[in-house]
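Student: This is the structure I have questions about; it appears just below.
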Amino acid sequence: MTPVFESRCWPCLVLALAGCAVDRGRGFAKLETANLEVSLEARGDTGDAELLTDLGYEINVERATVRVGRWELQEAISQAREVEGDAHDHGEEAHEHDEKARDHDEDEHDEHAAVQGYAALVTLGFDAAISLTAHHAVAADRYDPSPELARSSPERVLLGLERFEFDGTVSGGDLASGVAALTVELPLDTELVASFETFAIAQDGPESVRLETTVSVHESLFDGIDFAALEVKSRVLIEDPYAPAALALTTALAGSETRADLK
């Protein structure tokens, strides 16, 4: 009986080992590097950068940082969503809608519509805030759940900014003191998105990939802010997220040019 047992179990053992080999790596790629650069477009170099606003103020930049809450590499997902309402009761309305929308979308009249969203393949994080005046990329400190990517088709990144801090001086315009200290301590709930050509990760490769993302904060960051109206004893402090000056800053940050590349 022993030979019969061995002859039957060896093929099962070989298949099991083959399955384990597949689970250990085939169809995966390692995110070998992930670098992010967030830079403020300003005149001058680090420690001596300047901004000119549309209201005639000159801002000297001593320190400018953003804290990144999350940085996600994402792929598109879609699922069928049943159109709400009873098809019989709303048949005439649906027919009229279809007639109007047919040229725009041939599938608009279907009972089911595709709802597209995005899922994070990996979420990256940073232990420290990123300098806007350093003008160099920073490598991610954390990969959740891991730098290993399953078979997928990543096509964009989402960057969540959670805090902006700034120290410097402001002069010119209608400032009573001539020069005032400028401090910004602003919580953010800002999302930046950048798409790239869909990248296929499959069994036949690639074995490793590199992610590069750059954010350019425009030099008009402080445009529209009347610093003279905010000056108190030669100091301007922006920390209330609902104040007009803070809303102007968050809107400007949300409009930053964001680019990404996976290769």
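The values are calculated or read from the model by the stated rules, or taken from the named source; none is laboratory data. As the structure is a computational prediction, the values presented were derived from the model and not from experiment. Positions of Cβ are backbone-derived with ideal geometry, glycine not excepted, and every protein chain shown enters the neighbour counts. Surface areas here come from the heavy atoms of the whole protein model, side chains and all, with no ligands, DNA or RNA. Shrake-Rupley method; radii C 1.70, N 1.55, O 1.52, S 1.80 Å.
Student: If a residue must be touching a strand residue (DSSP E or B) at 6+ places or on another chain (Cβ under 7 Å) and more than 21 Å from residue 69 (Cβ to Cβ), how many such residues does the range 139-176 contain?
Tutor: Residues that pass the stated criteria total 13.
Student: Can you name the residue in the range 254-263 that is aliphatic (A, V, I, L, M) and buried (at least 20 other Cβ atoms within 10 Å of the Cβ) and is also nearest to residue 219 (Cα to Cα) among such residues? Before you say what the answer is, go through the steps one by one.
Tutor: Here is the first cut: in the range 254-263, the ones aliphatic (A, V, I, L, M) are 254, 260, 262.
After this cut, where a residue has to be buried (at least 20 other Cβ atoms within 10 Å of the Cβ) as well, the list is 260, 262.
On the way: 260: 21, 262: 27 Å.
Checked the range 254-263; the qualifying residue nearest to residue 219 (Cα to Cα) is 260.
Student: Turning to a different aspect of this structure: Just one of (1) open to solvent by 10 Å² or more (accessible area, probe 1.4 Å); (2) within 17 Å of residue 50 (Cα to Cα) trips up residue 184, so point out which.
Tutor: Here residue 184 clears every test but (1).
Student: Next up: For the subset of the range 234-253 comprising residues that are without any contact (Cβ under 8 Å) to a residue 24 or more places away in the chain and part of a loop (DSSP other than H, G, I, E, B), which member is surrounded by the fewest Cβ atoms within 10 Å (Cβ to Cβ)? Step through it out loud before you land on a result.
Tutor: Within the range 234-253, the first condition is being without any contact (Cβ under 8 Å) to a residue 24 or more places away in the chain, and the residues that meet it are 240, 242-245, 247, 251.
Adding the requirement that they be part of a loop (DSSP other than H, G, I, E, B) leaves 240, 242-243.
Values: 240: 12, 242: 6, 243: 13.
Filtering first and then ranking leaves 242.
Student: Being of a type in the set (Asp, Glu), open to solvent by less than 80 Å² (accessible area, probe 1.4 Å) and at pLDDT 95 or above is true for just one of 165, 191. Which residue is that? Before the answer, list the steps.
Tutor: Values: 191 fails: open to solvent by less than 80 Å² (accessible area, probe 1.4 Å).
None of the others qualify; the one that does is 165.
Student: How do the strands (runs of 3 or more DSSP E) wholly within the range 128-224 filter down when requiring 2 or more residues that are among the hydroxyl-bearing types (Ser, Thr, Tyr) and touching a Ser or Thr at 6+ places or on another chain (Cβ under 8 Å): which remain?
Tutor: Per the criteria, 208-217.
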